[in-house]
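Each remark here refers to the structure printed beneath this line.
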Amino acid sequence: MKTNFDLVIIGAGPAGMSAAIHASKFDMKTLVLDDQFAVGGQVYRHILQNNNNRTDLPFLDEDYWSGHNLAHEFSCSSAQLRPESRVWQITKNKEVFFTQKGKAHCVQAKAILIATGAMERPMPVKGWTLPGVMSVGAAQILLKTAQSGTDGAVFAGSGPLFYLAIQQYLRAGFEIKAVIDTSPKKIPLMGYILTIPALLQPNLLFKGARWRAEIRKKPFYFSEVKSVRINGKDFAESLCFTDVEGRKQTISTSHIFIHQGVIPNINLTMATELEHRWCGRQLCWKPKVDMFGESSIDGIFIAGDSLGVFGAEAAVFSGKIAIQRIAANAKRSAAIKTLVLCLYRWRQLAIRPFLDYLFKPPEDWLLPDDDTTVICRCESLSKADISNAIELGVSGPNQLKSFCRAGMGRCQGRLCGLTIQKMIANHHGQSEDKVGYFRLRPPIRPLTVLELATLSNDDPV
Amino acid sequence: MMIPSNRNKVIVIGGGIHGCATAYFLAKRGQTVTVVEKDHIARHASGVNAGGVRTLGRDLAEIPLSLASMDLWKKLHSEIGVYAQAFHPSFYLKVAIDEEGYALGSARAEALKHAGYNHEFWLDASDVQDRLPKLTTPTYGGFLVEGDGWARPWLIVRGFAQGARQYGAEIIEKCNVFGLELRQNCWYLKTDKGVFEADYVVNCAGAWAADLAFQSGEPKAPLSAYAPMLAVTESKPPILPAVIGVLGHTLSLKQLDTGQFVIGGGVRASANLSENSGEVVLPELRESMQLAARLFSDISNAQIIRCWSGIEGYMPDNLPIIGHGKQPGLIHGFGFSAHGFQLGPAVGEVLADLVMGQQPRVPLDAFRPDRF
Ligand SMILES: Cc1cc2nc3c(=O)[nH]c(=O)nc-3n(C[C@H](O)[C@H](O)[C@H](O)COP(=O)(O)OP(=O)(O)OC[C@H]3O[C@@H](n4cnc5c(N)ncnc54)[C@H](O)[C@@H]3O)c2cc1C
């Protein structure tokens, strides 16, 4: 017999942890799976470990440490955590398959909460595949988990996480060579209008403005840059761009951190064949859910940034709301409480239109204008390779796979899917919505032949 | 947009391998042909199958067709040019790893001998080991066919489609046929792109073919749709020179020129015809994985990076339907039950024979549409 759970939560970031804490108040038998070795997700990465030497980590601020309460409460809850577990398939019957330490397992859930968070948007600028180039998110994780960083790096891109990571880098004492910001120098009128709802989250708004202002004062800061390219033969050697006055500039460096915002990580929700919709504002696919986060399959819920990027505080509420609903379905809770939570969460979304507007990725970061830029890293296909295939009469990303193998590698389109979708849409003059995304299939994480071969249905979990 | 000039001699429904090969041979013989495909060429079974090109292990009734097809595969270059490079002939070995498998093998050897076929050759255990130095489990021997192999299915279908175009055939994609009717010796096809008229209709609509035939007034063929599944691993150093099967078990295993292993073998999930989708339930491939890992321990640590399925139509006796329908001018070719890819080239030829009123080059009795 498979082990049964009332609830299986995938992802132990803010949404997953808050859901688990809440679920244990309703006495739900809960299993939490996460592929990291400890809880925290992306924002609160390494929180329990870091908490023991807070004083050595001056670059982490109150927002980060606020995750400790959550993590602590989670450890005290009755939810069972299985770290280092990679979920590779969920079935419509709510079986959850995962591997942990070389062994595959299966559990049966009554309800599932997917809280797998967000990932960084693909950023196919020229040279992005050279060794020495890393995403800002990856650089930030190194900082949080190993206090490791490097002097003389260049940050290029934009977005809230971009500023946060730069702040942390500076506070950790690393010297930054340059910040190459693609977002507009002055906030346009529309941006000001959108700050009105954002005033519901004054703390975020003002903190963000402060960071931005601080960074902008630095001598190494360049605003509203265009045409970013990374040069180098075997590794990154320099970065060039056009500055706000239209001058070409080159900065030599061997460490470049790039970022253009985050998008929901949809590989699991898509491979589970949940319905999705295209969000023109955040330029990404989002699973379709009702106000409680329930997806197109009954009993499969989604919370946190896998719903759309709204940040840690909204994630905490969305986790609770989902649990409240699951409990209501199982006749364990009061509806009024759910509605109150929905209102709280809604307030946490207020700043998003402003941020989405201000940090909309520039066109040439979504689609490079240089033909030799690699788009599909797994199969080493350049923009020209993909354009040529599209011209042979390809109508969608799935058909493209047969023409040139784009998206067929191990990243399963995470690093090229949106770029390819856009190329096809541009070619046919169609909306991205209509072109659609890759058809994703399990396993959403690789597992070995032996792991699948030794999967047993009845091991106790 | 102008609706295409609507009088065609032959319309082939379905742009899979059978539809495209039929169109190719008809066009090559000077017929006016149009292929109508509801999605795009090779979107379904024909483009995503395991690419196994095997004469080995065929039902006795299917052997003449399969051997005729193999002759075409061997000289495919003269038909579809560079696309033929997508075929990689090597050898196919179907081994026995248990008593039951050995018994199946002996019975088959007897039956083949009785029917006068000698293309499958029994190797004893030590010969099998010589052929497969990386084998890590003892065998009781196995059948060998020299010259069987694997192909990249999508390229082969595309080759036939391009070839057909070069001989003047028209291929219309994204054009679903939703009505099929015979009036005064003329077939009328209602499609997304208008009404088409034809003297002959060839029904190569794969898993959808039986419903289409039924609504045109043909008896209901007992076709069921499933989605057989396949998995592919990351690249590994070459260890496997052949395509491998196991007598009495569900495994088909090969290593591509990229070093990736393709593992499957008939395990099928459910298919949804109206939504064009097949399920993928990876755990169901467990037994195939167990066999693959046992036969070649080198495969154990390869990571499975992708899994997919394709929609296929199955007949109760696992033999296709190839022949004239009840109504004049309607010819069927479907129900290939997960082993139709290798048959494609020969099926194209015999369906062209049937359209042109010629004696088909191999006996088709076992495939009669009215056999049920
Ligand atoms: C996963 C898998 C592995 C396989 N492995 C092998 C193998 O190793 N070796 C082997 O020999 N065989 C194999 N097969 C079987 C082989 O792929 C099929 O038998 C063969 O491709 C069938 O070809 P087809 O042209 O009849 O059908 P299809 O390829 O399904 O083509 C039928 C076409 O008709 C179109 N169509 C349907 N209805 C309509 C309509 N109303 N209007 C317009 N168009 C329509 C469909 O869209 C479809 O494109 C495998 C099959 C699968 C799914």
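Every number here is computed from the coordinates shown, using simple stated rules; none is lab data. The structure displayed is predicted, hence computed values, not measured ones. Counting neighbours? That spans all protein chains shown, and the Cβs are built from the backbone with ideal geometry, glycine included.
When all alpha-carbon pairs of chain A are counted, what percent fall beyond 36 Å?
29 percent
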**21 Å Cα-Cα reach of A:K331 towards lysines, excluding residues that sit fewer than 8 places from it in its own chain** = A:K25, A:K29, A:K94, A:K110, A:K320
**Prompt:** Considering only DSSP beta bridges whose two residues both sit in the stretch A:1-128, what percent are antiparallel, to the nearest 5?
**Reply:** 45 percent
**Complete:** In order over the stretch A:138-150: 3J(HN,Hα) from phi, Karplus 6.51/-1.76/1.60, θ = phi - 60°, whole Hz, x for each Gly or Pro, gives 5, 5, 5, 5, 4, 5, 5, 8, 9, 6, 9, x, 8
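Counting other beta carbons within 10 Å of each residue's own, what order do A:M28, A:M291 fall into, fewest first?
Fewest-to-most ranking of A:M28, A:M291: A:M291, A:M28.
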**Asked** In the stretch B:269-372, what GluC sites (Glu not before Pro) fall in a loop by DSSP, with at most 13 other Cβ atoms inside 10 Å?
**Response** B:E275
**Fill in**
Expressed in nanometres to one decimal, the distance between label points 7 Å along Cα→Cβ at B:A366 and A:N53 is 7.4 nm
**Request:** Provide the gained length on full extension for the span A:R281 to A:E84, in nm with one decimal, where the gain is 0.36 nm per separating residue minus the Cα-Cα distance.
**Result:** 67.5 nm
**Complete:** Relative to chain A, whose Cα atoms define the longest principal axis, helix A:189-198 and its Cα axis are tilted in degrees, nearest 10, by 20 degrees
**Asked** On a 0 to 90 degree scale, rounded to 10, what angle separates helix B:153-166 from the longest Cα axis of chain B?
**Response** 30 degrees
**Message:** Using Cβ contacts closer than 10 Å as the measure, can you line up A:W346, B:W187 from fewest to most?
**Reply:** A:W346, B:W187
**Item:** Distance from the stretch A:1-26 to the stretch A:176-241 (C-alpha centre basis), Å
**Value:** 38 Å
**Asked** So if we plug the beta-carbon distance of A:Q430 and A:D243 into 1/(1 + (r/R0)^6) with R0 = 41 Å, what FRET efficiency do we get, rounded to 0.05?
**Response** 0.70
**Message:** At 7 Å along Cα-to-Cβ for each site, give me the label-to-label distance between B:K326 and B:A115 in nm.
**Reply:** 3.0 nm
**Asked** Counting only DSSP beta bridges with both residues in chain A, what percent are antiparallel, rounded to the nearest 5?
**Response** 50 percent
**Prompt:** What is the set of long-range amide H partners of A:A156 at a cut-off below 5 Å, with H atoms built 1.01 Å from backbone N?
**Reply:** A:I180, A:F257, A:I258, A:H259
**Prompt:** A:N203 to A:K25: FRET efficiency via 1/(1 + (r/R0)^6), r the Cβ-Cβ distance, R0 30 Å, to the nearest 0.05?
**Reply:** 0.65
**Request:** Kindly express, to the nearest 10 degrees and within the range 0 to 90, the angle between helix B:286-295's C-alpha long axis and the longest C-alpha principal axis of chain B.
**Result:** 50 degrees
**Asked** Given the C-alpha centroids of the stretch B:48-127 and the stretch A:313-386, what is the distance between them in whole angstrom?
**Response** 52 Å
**Message:** What does the structure give for B:306-313 when I average, per residue, the other chain Cβ atoms found within 10 Å of the residue Cβ?
**Reply:** 3
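Using the structure shown, select from A:K144/A:K286; A:K401/B:K94; A:K422/B:K193; B:K74/B:K254; A:K101/B:K134; A:K218/A:K248 the pairs with a Cα to Cα distance greater than 22 angstrom.
Correct reply: A:K144/A:K286; A:K401/B:K94; A:K422/B:K193; A:K101/B:K134.
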**Asked** Between the stretch B:230-282 and the stretch A:408-451, what's the alpha-carbon centroid distance in Å?
**Response** 21 Å
**Asked** Using r as the Cβ-Cβ distance of A:E224 and B:E275, and R0 as 51 Å, what FRET efficiency do you calculate, to the nearest 0.05?
**Response** 0.65
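For the protein assembly as shown, what does the equivalent ellipsoid look like in terms of its semi-axes, each the square root of 5 times an eigenvalue of the Cα gyration tensor, given largest first in whole Å? Working shown, then result.
Values: eigenvalues 549, 190, 143 Å².
Semi-axes, largest first: 52, 31, 27 Å.
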**Message:** Using Cβ contacts closer than 10 Å as the measure, can you line up B:L112, A:L60 from fewest to most?
**Reply:** B:L112, A:L60
